[in-house]
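This report refers to the structure that appears directly beneath it.
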Amino acid sequence: MSGKDKGGKGKGKGGRGEKKSTSSSTKAGLQFPVGRIGRYLRQGKYATRMGAGAPVYLAAVLEYLCAEILELSGNAARDNKKTRIVPRHITLAVKNDEELNKLLGGVTIASGGVLPNIHAVLLPKKVKPSASQNY
């Protein structure tokens, strides 16, 4: 007899097979690890009780912030004719965005540099050509 006729836990077509487990990140449609964030929240002793939606919400917020920073950093890299995002591009993206700059105002990004800024007094004065020079 072949193994096709026997019942059991094989990879057969019919019957009640075991379901493939789906992660909570997949259920929420997120890329960030909901289970790991939930574990960190539990181990951190932030509260005695924690709702089931708290790690999902926090993962969604973190994913949104990362996507926003990545998009702006990619634009900064493209403006500088580069294909790789480096810390300088992240700094330029954060400092040029009003809301992100307010959120990450006290954050120092390693190897990020500073925004280019020359005080108006130090710029050379524009000389208007006088009427006698125009002939």
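The values are calculated or read from the model by the stated rules, or taken from the named source; none is laboratory data. In this text the structure is predicted, and so the values were computed from the model without any measurement. Counting neighbours? That spans all protein chains shown, and the Cβs are built from the backbone with ideal geometry, glycine included.
Here is how the numbers come out for the structure above:
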{"item": "Residues that are closer than 16 Å to residue 68 by Cα and not in a loop (DSSP other than H, G, I, E, B), drawn from the stretch 93-124", "result": "93, 94, 95, 96, 98, 99, 100, 101, 102, 103"}
{"item": "Test result for residue 59, in a helix (DSSP H, G or I), surrounded by 15 or more Cβ atoms within 10 Å (Cβ to Cβ) and touching a Phe, Trp or Tyr at 6+ places or on another chain (Cβ under 6 Å)", "result": "yes"}
{"item": "Residues of the stretch 76-86 that turn out to be assigned to a helix (DSSP H, G or I) and surrounded by 15 or more Cβ atoms within 10 Å (Cβ to Cβ), as a count", "result": "2"}
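A quick yes/no check of all residues on (1) loosely packed, with under 13 Cβ neighbours inside 10 Å; (2) at pLDDT below 95; (3) under 17 Å from the mean Cα position of the chain (by Cα); (4) not in a loop (DSSP other than H, G, I, E, B):
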{"position": "8", "(1), (2), (3), (4)": "yes, yes, no, no"}
{"position": "19", "(1), (2), (3), (4)": "yes, yes, no, no"}
{"position": "41", "(1), (2), (3), (4)": "no, no, no, yes"}
{"position": "51", "(1), (2), (3), (4)": "yes, no, no, no"}
{"position": "63", "(1), (2), (3), (4)": "no, no, yes, yes"}
{"position": "66", "(1), (2), (3), (4)": "yes, no, yes, yes"}
{"position": "74", "(1), (2), (3), (4)": "no, no, yes, yes"}
{"position": "88", "(1), (2), (3), (4)": "no, no, yes, yes"}
{"position": "91", "(1), (2), (3), (4)": "no, no, yes, yes"}
